[in-house]
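The values are calculated or read from the model by the stated rules, or taken from the named source; none is laboratory data. In this text, all values refer to a predicted model and were calculated from it rather than measured experimentally. Cβ: placed from backbone, ideal geometry, glycine included. Neighbour counts: every protein chain shown.
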């Protein structure tokens, strides 16, 4: 169980860990320890010399010993080296013994900070600076290292951006986080914990495991402080076995349960469905201390989330995703919405759940088409934000398609962690970072709407949209041509379409014009700059996008 008497600050060099750690320690009246400083003190030589004398293995051994020692101290704030979270033993020691806070910053910010302080005596944070001097492309090196480590940083209990905040501001936010949940949250050291989403309203866990709905859900509800009744909402496709499994689990935990089922499919993601659920809840005199549990795919999560956000001006929500799209994307981040005839998701709210419980065993009961379309969201996340995921999909495609248990749990957890990190950094899409998760969605949503929501599954639309976005990026001069083909090959390996038929291009373009991403008449496009790297572009000519949409027609 996590102990609130220790705070570990992790993240890349240049994010401010040491300066913030010293300030937090002073505010708390605790001891401050810099793990790298202790390593240097005990070795009697600088970090670079340890690498020369003992190699990286020798340094990492010293790092593990120091962190294990610090994890046993009390009332201590610890600044940890940039690579420590990647080590299994170090990560486990920190997550199991204290509050772990990841300091985040953009590569440009990190480069500017480290470059400005070259030659200054600022302690072990400078261990990366010789790399800056020796490497012919230091910015590229920072981006590469940071990308390789991001999966580990995402496992922290809390992530905060330091780009535009002073040391004092960050230190006070760390302190507020510790006061909010660092002393009491029992879920922080949970073996099923894949990620933590931290937003203005608090923090919530994302659990991922295999065959865990019936065995885990009821106890997790109690641990989350849900003391009232639970009202399960699911569709006709998942009520057996998953809606009933959730019902049994809640009953075993002593929670009174109700269950509402509606027809499966995007056609149910409308105001009429929400109105029917409102009526059902009102008849049962649902109170604010009660909770809605969404058991199902993205449609169920969106509809149930929208109802939870609006009924009684907000009641508690729990997401139990059973489709791949919901597991790695829609259940995380608080986006809830329903569709209008003109376009998808035009009416909705940001409303975060109390927890997300993901049972990857549910994937094994999906029809083949539904399973394949779900992989599109995971592949999208990789190409837009995480090169390591793309490499996993390319090297392990067959094992993932046959749902190897351990690999599936790990891949879903890693993908969910990326989404959790992005949401934490940009909860309401104010900085543009979260908009990168829309890669492939602009054309995809337009296609879904134009086809009537019942022709193309969401992931199929996203896959076609990814092909279109890559073509736009190449024509716009930002996406390398070889990347376009690399993505197309992976989409094909996962049995996904990259062209559409039976829909008029002009109908797709009309639906795209009603997309939420249109601002002041300009479309914001998430385009690939490289594998795992994307940016938002608002200068894409509409004529170019329109031509690509026409070219995607089979």
Legend entry - Residue that is in contact with a strand residue (DSSP E or B) (Cβ under 6 Å, 6 or more places away or on another chain), at pLDDT 95 or above and not assigned by TED's automatic domain parsing to the domain that holds residue 264, where the choices are 462, 484, 478: 478
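Could you tell me which of the residues 59, 12 is free of Cβ contacts under 8 Å to residues at least 24 places away in the same chain and surrounded by 15 or more Cβ atoms within 10 Å (Cβ to Cβ)?
So the residue among 59, 12 that is free of Cβ contacts under 8 Å to residues at least 24 places away in the same chain and surrounded by 15 or more Cβ atoms within 10 Å (Cβ to Cβ) is 59.
Considering only the range 460-554, give the helices (runs of 4 or more DSSP H) lying wholly within it that have at least 2 residues that are free of Cβ contacts under 8 Å to residues at least 12 places away in the same chain.
481-493, 542-551
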Legend entry - Breaking point among (1) farther than 25 Å from residue 170 by Cα; (2) more than 29 Å from the chain's Cα centre (by Cα), for residue 31: (1)
Legend entry - Qualifying positions in the range 26-58 - closer than 19 Å to residue 74 by Cβ, modelled with pLDDT of 90 or more and in a helix (DSSP H, G or I): 35, 38
Inset, instruction - Determine whether residue 349 is touching a strand residue (DSSP E or B) at 6+ places or on another chain (Cβ under 7 Å) and surrounded by fewer than 24 Cβ atoms within 10 Å (Cβ to Cβ). - result: yes
Legend entry - Matching residues, the range 164-177, being in contact with a strand residue (DSSP E or B) (Cβ under 8 Å, 6 or more places away or on another chain) and at pLDDT below 85: 173, 177
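Could you look through the range 135-174, keep only residues that are part of a loop (DSSP other than H, G, I, E, B) and under 24 Å from the mean Cα position of the chain (by Cα), and pick out the one that is surrounded by the most Cβ atoms within 10 Å (Cβ to Cβ)?
156
For (1) farther than 28 Å from residue 387 by Cα; (2) surrounded by fewer than 21 Cβ atoms within 10 Å (Cβ to Cβ); (3) under 25 Å from the mean Cα position of the chain (by Cα), each residue gets a yes or a no:
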{"residue": "457", "(1), (2), (3)": "no, no, yes"}
{"residue": "477", "(1), (2), (3)": "no, yes, no"}
{"residue": "486", "(1), (2), (3)": "no, yes, yes"}
{"residue": "510", "(1), (2), (3)": "yes, yes, no"}
{"residue": "532", "(1), (2), (3)": "no, no, yes"}
{"residue": "536", "(1), (2), (3)": "no, yes, yes"}
Legend entry - Flag for residue 48 being in contact with a helix residue (DSSP H, G or I) (Cβ under 8 Å, 6 or more places away or on another chain), touching a residue at least 24 places away in the same chain (Cβ under 8 Å) and surrounded by fewer than 21 Cβ atoms within 10 Å (Cβ to Cβ): yes
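Got a sec? Which of 251, 240 is closer than 17 Å to residue 215 by Cα, in contact with a strand residue (DSSP E or B) (Cβ under 7 Å, 6 or more places away or on another chain), surrounded by fewer than 18 Cβ atoms within 10 Å (Cβ to Cβ) and free of Cβ contacts under 8 Å to residues at least 40 places away in the same chain? Outline the logic, then answer.
On the way: 240 fails: in contact with a strand residue (DSSP E or B) (Cβ under 7 Å, 6 or more places away or on another chain).
From the options 251, 240, the qualifying one is 251.
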Inset, instruction - Count, please, the residues in the range 270-313 that happen to be in contact with a strand residue (DSSP E or B) (Cβ under 9 Å, 6 or more places away or on another chain) and at positive phi. - result: 1
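Residues in the range 293-312: is at least one more than 20 Å from residue 339 (Cα to Cα) and crowded, with 22+ Cβ neighbours inside 10 Å?
Looking for residues that are more than 20 Å from residue 339 (Cα to Cα) and crowded, with 22+ Cβ neighbours inside 10 Å, one finds at least one in the range 293-312, hence yes.
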